[in-house]
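Report on one structure; see the data block that follows.
The values are calculated or read from the model by the stated rules, or taken from the named source; none is laboratory data. As the structure is a prediction and not an experimental result, all values here were calculated from the model. Every residue, glycine among them, receives a Cβ derived from its backbone with ideal geometry; neighbour counts consider all protein chains shown. Heavy atoms of the whole protein, side chains included, go into the accessibility calculation; ligands, DNA and RNA do not. Shrake-Rupley method; radii C 1.70, N 1.55, O 1.52, S 1.80 Å.
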Amino acid sequence: MADDMTDLPRRVHIQEEGPREGFQIEPGPIATADKVRFIEALAETGLAEVQCVSFVDLRRVPGMADAEAVVQAIRRRPGVRYSGIWLNVRGLERAIKTSLDISGGLQISASEAFSIHNTNKNTVETLDEQRRSLAFYRAHAIPMRSAIVMTAFGCNFAGAISAERVRNCIAMLIDVAAEYDVTIELLRLADTVGWANPHSVAQVIGVVRERWPHLKLALHLHDTRGTGLANAYVGLTMGIDCFDSSCAGLGGCPFAGHKGAAGNICTEDFVFMCHEMGIETGIDLDALIDCARLAEEIVGHALPGKVMHAGSLARFRAPPRSSGR
């Protein structure tokens with residue numbers, strides 16, 4: 001099918017966010033050893049990048065209080081990138097003291113209301129924080145890798161977000177980066193609180209590409225209302241080849257303003273869909289399913305992934321055994 005539908009990528013890059021996105025929202029404490037066990041298992045599946053922890057205010061996200069301990073305990077697998085996130089220079093200062101793979105990033109929320117709930121900063125203050133980050137990256141020779149626009153498809157506090165507002169936010173980030181002679185190589189469009197639908201995904205991508213046709217885009221999609229894979233499919237048909245996802249569907253945003261906030265699209269469900277469409281991922285699906293079951297064991301409750309329960313189709317496609325006669 002990938003040959004027939006020319007806009008589909010032949011291969012996708014997946015950034016696994018389950019250990020960070022998932023464990024940060026769990027109400028009960030997750031043992032450091034369990035976090036490490038999960039990260040190490042994910043690294044054995046063929047994933048090229050695992051987002052392990054976040055360096056944030058421990059009073060607001062207590063589930064990440066052991067971030068440094070988790071990173072220190074990981075037995076690293078060659079060829080796998082182990083990353084983390086931070087919201088300000090204070091978090092970045094913590095991150096660079098660890099053994100994580102550090103690269104610079106910029107961020108902005110298309111919804112100013114969400115920005116205030118998430119970081120206690122409005123848009124102007126957020127841009128000033130990005131300048132401080134860029135100065136820090138320069139001073140510490142940290143390469144700039146990507147940028148993200150959060151709530152790019154809607155917000156529980158501000159309502160609908162126009163594609164033009166997203167375009168304007170990207171322009172702000174590009175302008176701030178240019179002040180430091182930095183070029184944004186990859187731009188993530190994030191459905192942070194689960195408002196996106198296939199039409200809005202196509203619309204936002206279209207508006208962004210019209211203005212910056214050569215800017216590489218990635219999608220960070222949450223599955224709050226069950227449209228996550230449909231939204232990812234639209235991205236695939238428009239040639240998007242970078243996606244964030246969360247094993248077993250772990251996670252959700254703790255500042256979404258909605259108790260039903262769900263995690264990113266489920267990694268193994270997305271990998272299954274890609275493989276069935278003839279799109280390569282480099283990931284062992286059965287090993288990933290084992291990771292999803294491990295995640296469910298660690299958190300102690302059911303998780304929303306589908307393929308982890310149904311399994312892949314491999315056993316049904318196996319040739320029938322000979323009777324031996």
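I'm trying to understand the selection: among the residues of the stretch 21-43, which are within 19 Å of the chain's Cα centre (by Cα) and either modelled with pLDDT under 90 or open to solvent by 20 Å² or more (accessible area, probe 1.4 Å) (or both)?
The answer is 21, 22, 23, 24, 25, 26, 40, 41.
Which of the residues spanning the stretch 213-239 are in contact (Cβ under 8 Å) with a residue 12 or more places away in the chain and either surrounded by fewer than 17 Cβ atoms within 10 Å (Cβ to Cβ) or more than 16 Å from residue 152 (Cα to Cα) (or both)?
215, 216, 225, 229, 230, 233, 236, 237, 238, 239
Mind listing whichever residues of the stretch 141-177 are over 20 Å from residue 243 (Cβ atoms) and open to solvent by 70 Å² or more (accessible area, probe 1.4 Å)?
141, 143, 157, 160, 164, 167, 168, 175
For residue 62, only one of the following conditions fails: (1) of a type outside the set (A, V, I, L, M, F, W, C); (2) in contact with a Cys (Cβ under 8 Å, 6 or more places away or on another chain); (3) open to solvent by 50 Å² or more (accessible area, probe 1.4 Å). What is its number?
Here residue 62 meets the rest and fails (2).
Within the stretch 269-305, track down each residue that is open to solvent by 20 Å² or more (accessible area, probe 1.4 Å), in a loop (DSSP other than H, G, I, E, B) and among the hydrophobic types (A, V, I, L, M, F, W, C).
Once the filter is applied, which keeps residues that are open to solvent by 20 Å² or more (accessible area, probe 1.4 Å), in a loop (DSSP other than H, G, I, E, B) and among the hydrophobic types (A, V, I, L, M, F, W, C), the stretch 269-305 yields only 302.
Among the residues of the stretch 195-212, are any within 13 Å of the chain's Cα centre (by Cα) and either within 19 Å of residue 164 (Cβ to Cβ) or open to solvent by 10 Å² or more (accessible area, probe 1.4 Å) (or both)?
no
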